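First up is the structure itself, then whatever we jot down about it.
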Amino acid sequence: MAVLELYTQYNRVWIPDAEHVWKSAEILRDFHSGDNVLDLLLEDGTEYRFPVDPSKPQLPPLRNPDILVGENDLTALSYLHEPAVLHNLKVRFVESRIIYTYCGIILVAVNPYKQLPVYGDAIIHAYSGQNMGDMDPHIFAVAEEAYKQMARNHKNQSIIVSGESGAGKTVSARYAMRYFAVVSKSGSQTRVEDKVLASNPITEAIGNAKTTRNDNSSRFGKYTEISFDRRYRIIGANMRTYLLEKSRVVFQADNERNYHIFYQMCSSANLPEFKNLRLLTADKFRYTCMGGDTTIEGVDDKKDMEETRRTFSLLGLKEAFQLDVFRVLAAILHLGNVEIRSSGDDRSSVPPGDPHLAVFCELLGVSADGLVRWLCHRRIVLVAETVVKPVPRERAVNARDALAKQIYAHLFDCIINRINAALQVPGKQHAFIGVLDIYGFETFDINSFEQFCINYANEKLQQQFNLHVFKLEQEEYMKEDIPWTLIDFYDNQPVIDLIEAKMGILDLLDEECLFPQGTDQSWLQKLYNYLDTNPLFEKPRLSNEAFVIQHFADKVEYQCRGFLEKNRDALYEELVDLMRGSEFPFLANFFQEEERNTATSKTVKVRPARPSVKPANKQLRTSVGDKFHSSLSLLMETLNATTPHYVRCIKPNDEKLPFEYDSGRVVQQLRACGVLETIRISAQSYPSRWTYIEFYSRYSILMSHLEADLNDKKQTCKNVLQRLIQDSNQYKFGRTKIFFRAGQVAYLEKLRLDRLRGACVTIQKHVRGWSQRRRYLAVRQAAIILQQYIRGKRTIRKTVSATTLKQGWAAVVIQRYWRGYRVRQVYHVVRLASITIQAFTRGWMARKRYKKMLKEHKALVLQKYARAWLARRRFQTMRRLVLNVQLSYRVQQLRKKVEEQNKENRGLMERLTSLANSHSQTVDRLQGLEAKLEKSSNQKASLEAREKKAKEDASLVSIEVNAQSFIQFVNIFNEVKTLKEEIKRLKEERVSLQRKIEEGEQLNADLQEQVIQLTKHVKAIPELRRDLNNLQNQKNNMDRKMKQQSEQAKSTIFLLFYSSEVLENHQREQKERYDTQVEGLTLKVDHLQNENSKLQNLFQEKSNVNENIHQEVSRLSSENSIIPELKLQVSELQRQKQELEGLVEEQNRELAGISEDFSFFVRQSHHEGHLHIGILLVLLLFSSCHPKEKDKEITNTLHRRITEESTQPKQASPSAIPKDYLGMLEYKREDEPRLIQNIVLDLKPKGVVVNMIPGLPAYILFMCVRHADYLNDEMKLKSLMNAIIGGIKKVIMVRLILSLLNTTDIFMFQSYHKDFEFTPRQIKNCLKNFDLSEHRQILSDLAIHIYHQFITTMEKALTPAIVPGMLEHESLQGISSMKPTGFRKRSSSVYEDSETYTISSILQQLTVFHSTMNHHGMDQGLVRQAIKQLFFLIGATTLNNIMLRKDMCSCRKGMQIRCNISYLEEWLKEKELQSSNAIDTLRPLSQAAWLLQVNKSTDDDAKDIAEKCTELNPVQIVKILNSYTPIDDFEKRVTSSFVRKVQGLLQDHEGSTQLMLDTDYHFQVMFPFCSSSQALELLQVPNSLHLDFLNRI
């Protein structure tokens, strides 16, 4: 389509304007070929006739449709020209408050002069990993693209930040480096990324200054290489600087300042470490007060000084180095205050008492006399002699300033070198990203050598930029198989040759600097002579001290004054030698290094014929221009070896006002930075590029039904385009995209708008016709009715007369009376009927009330009996419960009494043992006495034999025998006395034992252990009976032996009467004592029998209560469904009742037998005189019941038999197994690794786990823990718990959900501790001996960690689908929100095999998560918390992308989002998860979608927004309003005044000021305690787990 055809009515154009550069106008009439004027209507309502040359028409540029205005990428505009770019930037900057815009490969950054909340860490993480173009333009997007290309292509990258002073270059470069520091953490202890960021405050302090255009202007160029290792983490950095503005040290223009570091030092002069520097305030030093005001509004120099020193320390620069730096800087300030006076006759001098001179010399360690001499004198070397010549004051001042500049330049280089050394860390560099912060094109009223070098550098950068843009265009065309045609673009190589070529400006400047008498004027004359024929070089008409160069951006006039001096950068050699000999090593090294550098630069040495004389000015030294050319060439080599990324910073106004847009200043910078050149190159080819899907979705309205029915959308697009645009040269079909020439997209938009306008007109036509027809029919019907009444009235008037009136009146009277009569007749009939009806009705109502009262009376009776029955039932139930409680309490008391009785029995046993021992000792003594008696009888027999032999000596022999018997009797009497004392001592011990027994009875508390022991002892009674029989046999044998011994002892006792009498007395006393003891034991036995009888009665009563309970349960079972747990409890109670009854009966029998045997043995022992045998028997009986260490054989035998009984159930029949299992699993210590390996490490989420009950591993492990607790084995328990925790930690990342379930289950099981209050069944499973609170805390922390890992894993799986599914996918068919995408979308292709996510993908993923959690038996409380966390992630991620994507802020997108939210809400209802409050986490997103849809024009709309958007903070609301983008021309943009209204209403709102939601935020997890219904004693261990080594107890 021809361009002239687009100049039709209602289209808009741009016309030049002196104030705004360009202004908009609307075409009033179509323009035709041959017209000499274009009729326009300006925005202010005035008409304007734009003149046009018919022979060669130069029409004004067309304006883009409103749909394309405000695009993220300028190349997406259909008309690519200067006014379109200028207007698009203005709309984005002023109305939308967006400072970043793409222009092809360039990021245009407009300085807002205001801090914006778009640089936080949340923004960095939002851009991390995103493709360029998926998000709104941002410096972070450029940094991410550079980082991604470095990692993907393994190629070095560069980010070139340029712009004029005050445009924000330094800040942009700083944010780019901050992005790399955040996304590529080094992970080392050196924290290199922090050091890289810390270098910025230092370089800004020593290299930045306030200018008329910027308060923090960089006065040097900086290229920072950030090094990365193979894992793309920062390992170091290196900084290169270019062209420091040294002249600022000694001179500043009005309203400008010196470098920041000087003012920071002066503001901190009162610090103790600065006392010896003798600093004054900044207004007292000449070098810091030239510009006037020494302060900057909003800047605290003292605080900045603290930050500078802190960053010095962070970089590892020691305090001594910092003090040396400050010492040199202070000396420079004092040097500027050295006063140089004129002494006449071209002489100068310094006052001898100048205090600043003394301070300077003291600080730098130089001679004051030498400094004064060589400041005011100059040494001239002639052929035969050397002459010292005084210099005038002006040259002396220049020498002083040159010295100050040279010292500062050396100090600057030294600090940069030390920073580079600090930023180097061990490690090999794999790749780097360079950030170039360099000055942009500059043109001032007076341009000097610095501007010349700056513009020269920008010429080189612009050439590199043009070649790169040309290369990218060529690659894009080749990728899409588009025929490549040569594009004419501006090549600035001639300008570069003019500056740097042989006999160019720099070459002539260096040549002139070689001549001692060379001047700026002579050099300028050479330029005129040699370069006069160059078209890019001009001589000003009105000046002979300047020259003009035609740069790529603009013509610049340079003043030649000072070019030679600045290029030489000369300093008298005498001053250099003076500084080199300084006693301050830090300063001396500066000039020593300069000497070494100069020496190494000379490669050819020629021996002169006569002694050489040092040249005074080091004229062979490299000039500043040559140095700059070399460093610039090195920079260009570096940039050419990397992939560049461009950031162009624009200064919107010179007054530094926030969001104020000066079109004149902006267009000047756009021309200078190459943005318009990029637009021009793009416009010459095919600037607009749409994918086939985008084109199909946008322009399907232009397709016919036949074209829309084709399945091949690509072919459909081709057919439509060939029909709509006849000129095939206006577009090209690529593999994945359609390329349009400039203006064609606008033409298609016009066609689309015309079609929509036509459709709207058609709809309006039919609606208006229907409305008018409806209105016409209503009016017609009203007219007909009016006609009827009017015609009737006319007829009446024609027929009315006096007679007719009388007749009519009479008829009326007759009618009145007749009608009255008829009415009265009807009234009487109706009244009679009414009375009849009322009578029947009242009777019916009375009968109804009577029946109702009767029913209510019966109901009251029924209620009375029912309530009585219910009250009795509740009373019986309560009575049963009370009886159960009483029974339980009595059983506990009974058990306590039984235990107390057992303790008393044990005390009696101990006492009997001691008495038996004493009795055995007594028996031994008696046996000894018997032996003595036998000996005495033998002696008596021998005496009788002697008597036979010698009767005569009988009397004498009798006397001797009697004497011996008396002696023996005395001995026996003494022994008896000793025994009495022994008995007395035993009685005292008995009293003490009784006292101890009473104390022991008060200390008994452990009821559970006592019942278990009593049960065990009762079970052991049959074995004790057998032992009792054996003991009885042994007793009989001992009785027989004692009888024999007694018969043998009778004869001896008869002979020893006195001894026998004493022994009888002793035995009588023992008998009485033993009878007392036996009587006490008998009473104890009787007491036990009474207690057992009471216990039996209680159990009988309990059996009756259980029988009632059983009947009640049977009745409830018949009325309701059977409750399994209640039946289990009833069966358990019945089983316990039967067991306890059997135990009581058996105990009664055994106790009765024991008492009978005990009485029999006591009686028998008493009759036979062998009481000690009975005592021993009682001792043995009680020892069998309560084994002690003394009775080793009996105790070992009993333990062996008890162990056999405990292991006997393992050999029982399977039907008896559940009755005897205790819910424990026994294992050996050596099997512990196998247990952990099988149950924790090797357990897979598929296969075996699918078929077993949820949490089975936790049940098994808890049963093992219970067994260790039951054995009271602390080492085993701790070892098992540590192994469990270690095993879970190993498999956390492999099997998250199993680890979470088992960990939480184990944590819950270990909460069953005796210190908690639980149900009886839970108390049964409690641990008895150990407190696992420490392990519970570890398991709790581990469970929380696993839960967060589980959530993180689900979030990683869900995150890729959130943005495509919630935002990009169009869930509502027929509502398209696609717009032109521009250059940044070119890399993505819709035909690539990439997964497409929809809202269904999100729902499917959520369903998978939910079913997996339910399948593994996760607690529903945890499931709800996990789903809530996932919904928060969906809402936060979606909202964050809305904040960072202007293309998503439209009314139609709001409809799509609300539709998707409804799908999520339906999913929650389907899964019955409404109680999780997950939908509440989507409220901010829902309100954002509502905000996109609601009207945004009136004051009421603003109030509604302020009242209803409660979940969004003011920053987010304003961001959405500013980013709102209409999709069609029928929608209206949000005006700035409306945004300000909303801001005013939101001023009082409190809340966060963050733009982004924290997607890493996790709600606090709560693990609900849920008791398990699984009976551990009924749990079966599957064979598939290979746990055969576990034994059920």
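The values are calculated or read from the model by the stated rules, or taken from the named source; none is laboratory data. Everything numeric here is computed off the predicted structure, so don't read it as measured data. Every residue, glycine as well, gets a Cβ built from its backbone with ideal geometry; the counts of neighbours run over all protein chains shown. Quick note on the areas: whole protein, heavy atoms, side chains included, nothing else; ligands and nucleic acids left out. Shrake-Rupley method; radii C 1.70, N 1.55, O 1.52, S 1.80 Å.
A few comments on the model shown:
- Lone qualifier among Leu706, Leu710, Leu724 - being in contact with a helix residue (DSSP H, G or I) (Cβ under 7 Å, 6 or more places away or on another chain), surrounded by fewer than 16 Cβ atoms within 10 Å (Cβ to Cβ) and not acidic (Asp, Glu): Leu710
- Some residue of the range 909-920 being open to solvent by 70 Å² or more (accessible area, probe 1.4 Å), in a helix (DSSP H, G or I) and under 30 Å from Glu989 (Cα atoms): yes
- Within the range 658-677, residues that are within 12 Å of Arg648 (Cα to Cα) sit with their Cβ atoms under 8 Å from residues that are surrounded by fewer than 16 Cβ atoms within 10 Å (Cβ to Cβ), at 6+ positions apart or across chains, in these pairs: Arg671/Asp554; Ala672/Asp554.
- Note on the range 444-478: among residues that are without any contact (Cβ under 8 Å) to a residue 40 or more places away in the chain and closer than 18 Å to Ile496 by Cα, the one that is most open to solvent (accessible area, probe 1.4 Å) is Leu467.
- Boolean, Ala368 is closer than 30 Å to Met239 by Cβ, out of contact with any strand residue (DSSP E or B) (no Cβ under 9 Å at 6 or more places or on another chain) and either open to solvent by less than 10 Å² (accessible area, probe 1.4 Å) or aliphatic (A, V, I, L, M) (or both): no
- Candidate set: the range 737-768, residues that are of a type in the set (Val, Ile, Thr) and surrounded by fewer than 19 Cβ atoms within 10 Å (Cβ to Cβ); chosen: the one farthest from Glu475 (Cα to Cα): Val767
- Selection count, the range 1534-1584, where residues are modelled with pLDDT of 75 or more and in a helix (DSSP H, G or I): 10
- Set side by side, the residues Ile1434, Ile1457, Ile1479 differ, and just one is closer than 24 Å to Val1534 by Cβ, among the β-branched types (Val, Ile, Thr) and part of a helix (DSSP H, G or I), which is Ile1457.
- Hits in the range 247-258 (condition: among the charged types (D, E, K, R) and open to solvent by less than 40 Å² (accessible area, probe 1.4 Å)): Arg248, Glu256, Arg257
- Beta carbons closer than 8 Å, at least 6 apart along the sequence or on distinct chains, pair a first residue in the range 871-884 that is of a type in the set (Lys, Arg) with a second that is surrounded by 12 or more Cβ atoms within 10 Å (Cβ to Cβ) for Arg880/Val1105; Arg880/Asn1108; Arg880/Ile1109; Arg880/Glu1112.
- Unmet criterion (only one of (1) more than 30 Å from Glu1507 (Cβ to Cβ); (2) of a type outside the set (Phe, Trp, Tyr); (3) modelled with pLDDT of 90 or more) for Leu1482: (1)
- Pair list, Cβ < 7 Å and 6+ apart or interchain, from the range 422-436 residues that are on the phi > 0 side of the Ramachandran plot to residues that are not in a strand (DSSP E or B): Gly427/Asp229
- In a residue-by-residue description of the range 937-956, the property of being farther than 30 Å from Arg995 by Cα, at pLDDT below 75, in a helix (DSSP H, G or I) and in contact with a Leu (Cβ under 9 Å, 6 or more places away or on another chain) applies to no position.
- Cβ pairs under 8 Å, 6+ apart, first in the range 628-644 and part of a helix (DSSP H, G or I), second of a type in the set (Phe, Trp, Tyr): Phe628/Tyr242; Phe628/Tyr456; Ser631/Tyr242; Leu632/Tyr242; Leu632/Tyr456; Leu635/Tyr223; Leu635/Tyr242; Thr638/Tyr223
- Meets criteria (touching a helix residue (DSSP H, G or I) at 6+ places or on another chain (Cβ under 8 Å), under 30 Å from Lys987 (Cβ atoms) and open to solvent by less than 80 Å² (accessible area, probe 1.4 Å)) for Glu899: yes
- Exclusive hit being touching a Gly at 6+ places or on another chain (Cβ under 8 Å) and of a type in the set (S, T, N, Q), set Asn567, Asn534, Asn544, Asn529: Asn567
- Taken over the range 278-295, the criterion of being open to solvent by 10 Å² or more (accessible area, probe 1.4 Å) and touching a Phe, Trp or Tyr at 6+ places or on another chain (Cβ under 7 Å) is satisfied by Ala282, Met290, Thr294.
- Annotation note: of Tyr408, Tyr439, the sole residue that is part of a loop (DSSP other than H, G, I, E, B) and surrounded by 22 or more Cβ atoms within 10 Å (Cβ to Cβ) is Tyr439.
- Residue, nearest to the chain's Cα centre (by Cα), within the range 1480-1523, restricted to residues that are open to solvent by less than 50 Å² (accessible area, probe 1.4 Å) and among the β-branched types (Val, Ile, Thr): Thr1481
- Number of the condition not met by Ile416 [criteria: (1) surrounded by fewer than 18 Cβ atoms within 10 Å (Cβ to Cβ); (2) in contact with a helix residue (DSSP H, G or I) (Cβ under 8 Å, 6 or more places away or on another chain); (3) of a type outside the set (Asp, Glu)]: (1)
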